[in-house]
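Enquirer: Take a look at the following structure, please.
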Amino acid sequence: EAHRIDPAKKLVNIAEFFYAKGDLKNAKELLQTALQKHPAEELVNIAEFFYAKGDLKNAKELLQTALQMQTKELGKDNPAIADTLDAIGIVCFDERNFIEALETHNRALAIRVENMGSHLDTAQTYINIGKVLHEQRNDEEAEGMYRKALDIKLKVLTEDHSQLKDLYHMIALTLKRQGKLSEASKIHKLTLARLLQMHGEDHPQVVMTYNAIAGLLADQNRFDDAIQILDKSIEICNRLQRLGDFDMNTLAGTLYNKAMALRQQGNFEDSADLFTKVLTIQLDTVGEMDLNTADTYQDLSGVYAEQGRLEDGVNALNKALEIRRKMLGDDHPKTKRLVQWLSITPNIEANNKAQALNDQGVALAAEGDSEKAIQLFQEALHTFQEAFSDHPKIPAVYESISALKADQGLLEDAVAASAEALKYRRRTLGDDHADTKRRMEAHRSLLKRLLENRS
């Protein structure tokens, strides 16, 4: 019997065609018709449509409705429930609502472990949880989740499978953030050796692994070594391009990494040139209305500012803002952040001074010199507050001071700094924003420690 596509799914496919052509009226009418046929699986299909278009709000609402229907029809422990929970968790992750994302993925994991055991879907949920923990800077636990996923995948997949390479890369990222650079480097080099043995040097995954190794070198301020490896990646990309059937975005990513390394070296002229080349590729491949293109405009604006090309910097930042507004809307945190940055451009000199002080503080904190780090953070804070009524970096500086004070056992000072960070985030972002909720949770934890310490 020939495979039959569900009529509601057909409507979603046709709606996507109209949406791509800019015919929003017909797309909306078709989606509404599909909704009238609304079994849970069709709600999930339509949610996927909205998610692909960046409409997280509608995607989440449809998935939650589907979850209610599935729970009623199938029971709360059916594997289909886990699929929808994971989908909701992914939307929460993209909303930067990490607390809800973690809770939702953990519910999915409990169902999968109980009903499916060591299944690839269970491994994927472990990965989803690992990504949330990684974003929360809980890298030790994230590494543990990734390794549980790896244990499952190693039983099912061959050692050369692309999923394993991606997972090894995630584990290396968590090791990198824990400061275990030698362990991260070892994983990348083992991956590279396998890739070279299987494919030779001229392969896109070899390029990606070279880029990861270059990133580790840049983190150790070994920028010359990083750039040397990135130049090798660029040579491979150029050879692959001549062979045809090459994804130019791989080259764009490599050029982007080199541009960032040059920027960190203070070579702003060459960095700006490379960011411009990245933009040229992105505009040709994914077009202007793409969030990666917006990111490149934003990074280019930063280099322009460091060159003193303030007008060019503002123009590039406005391009990034235009894309984010169209793709994400005015209420998205990334859009709001750009609006804040544009509001401070007249005081760019003060901004750069404060940012430099903050960066020095971060470096000293990593070296264990808490006293000097706190002093630099306080100087950065004073500079920010003197020049700007509201600066998006202010709460992060307060949070850095709070963390160091807590490490020193000065819990009253830690709570005071945390309270200032929380006050700022509530005022600028609102109580429902993920960053505000994260700060509330951290502040409650500090208060609890302070009260326990007093008793």
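The values are calculated or read from the model by the stated rules, or taken from the named source; none is laboratory data. Keep in mind that this is a model prediction, so the values were computed, not measured. All Cβ positions, even for glycine, are placed from backbone atoms using ideal geometry, and neighbour counts span all protein chains on display. Remember, those area values only see protein heavy atoms, side chains included, never the ligands or the DNA or RNA. Shrake-Rupley method; radii C 1.70, N 1.55, O 1.52, S 1.80 Å.
Enquirer: Of all the C-alpha pairs in the range 54-211, what % are more than 20 Å from each other?
Expert: 56 percent
Enquirer: Once you sort the root eigenvalues of the Cα gyration tensor of the range 221-318 as a ≥ b ≥ c, which label holds: rounded (a/c under 1.5), prolate (a/b larger than b/c) or oblate (the other case)?
Expert: Verdict is oblate for the range 221-318.
Enquirer: Would you please give the FRET efficiency between Lys353 and Glu41, computed as 1/(1 + (r/R0)^6) with r the Cβ-Cβ distance and R0 = 60 Å, to the nearest 0.05?
Expert: That pair, Lys353 with Glu41, gives E of 0.60.
Enquirer: Name the GluC sites (Glu not before Pro) in the range 278-350 that are in a loop by DSSP and that have at most 15 other C-beta atoms within 10 Å, would you?
Expert: Loop-located and lightly packed - Glu288.
Enquirer: Then there is this: For the range 297-455, what does the alpha-carbon gyration tensor say about shape, rounded, prolate or oblate, given a ≥ b ≥ c as the root eigenvalues, a/c under 1.5 as rounded, and a/b over b/c as prolate? Intermediate values should be presented prior to the final figure.
Expert: Working: a/c = 2.76, a/b = 1.54, b/c = 1.79.
Verdict is oblate for the range 297-455.
Enquirer: Any chance you could list P(r) for the range 187-235, counting all Cα-Cα pairs in 10 angstrom bins from zero, rounded to whole %?
Expert: Per 10 Å bin, starting at 0, the Cα pair percentages come out as 31, 53, 16, 0.
Enquirer: Go ahead and estimate [θ] at 222 nm for the chain from helices alone: -39,500 (n - 2.57) per DSSP H run with n ≥ 4, summed, over the residue count, rounded to 500. Let's see the in-between values first.
Expert: On the way: 22 runs with 372 residues, N = 455.
Value at 222 nm, helices only: -27500 deg cm²/dmol.
Enquirer: Assuming R0 = 25 Å, can you tell me the calculated FRET efficiency for the pair Gln378 and Asn221, based on Cβ-Cβ distance, to the nearest 0.05?
Expert: Efficiency, rounded to the nearest 0.05: 0.50.
Enquirer: For a test of the definition: using alpha carbon positions, the gyration tensor, and the 1.5 limit on a/c, classify the chain as rounded, prolate or oblate.
Expert: rounded
Enquirer: Accessible area per residue of the chain at 1.4 Å probe, in Å²?
Expert: For the chain, the per-residue accessible area is 52 Å².
Enquirer: Take every Cα-Cα pair in the range 79-142 and report what % of them are more than 16 Å apart.
Expert: Working: 733 of 2016 pairs.
Cα-Cα pairs of the range 79-142 separated by over 16 Å account for 36 percent.
Enquirer: Take the alpha carbon atoms of the range 253-303, find their radius of gyration, then divide it by 2.2 N^0.38 Å using N residues; give the quotient.
Expert: 1.04
Enquirer: May I pose another question? Among the listed pairs Lys60/Lys319; Lys57/Lys336; Lys148/Lys176; Lys372/Lys393; Lys57/Lys326; Lys405/Lys437, which are separated by more than 25 Å between their Cα atoms?
Expert: Too far apart for the 25 Å limit: Lys60/Lys319.
Enquirer: Right, something else. Trypsin sites (Lys or Arg not before Pro), restricted to the range 213-285: which are DSSP loop and have at most 15 other Cβ atoms within 10 Å?
Expert: The qualifying sites are Arg222.
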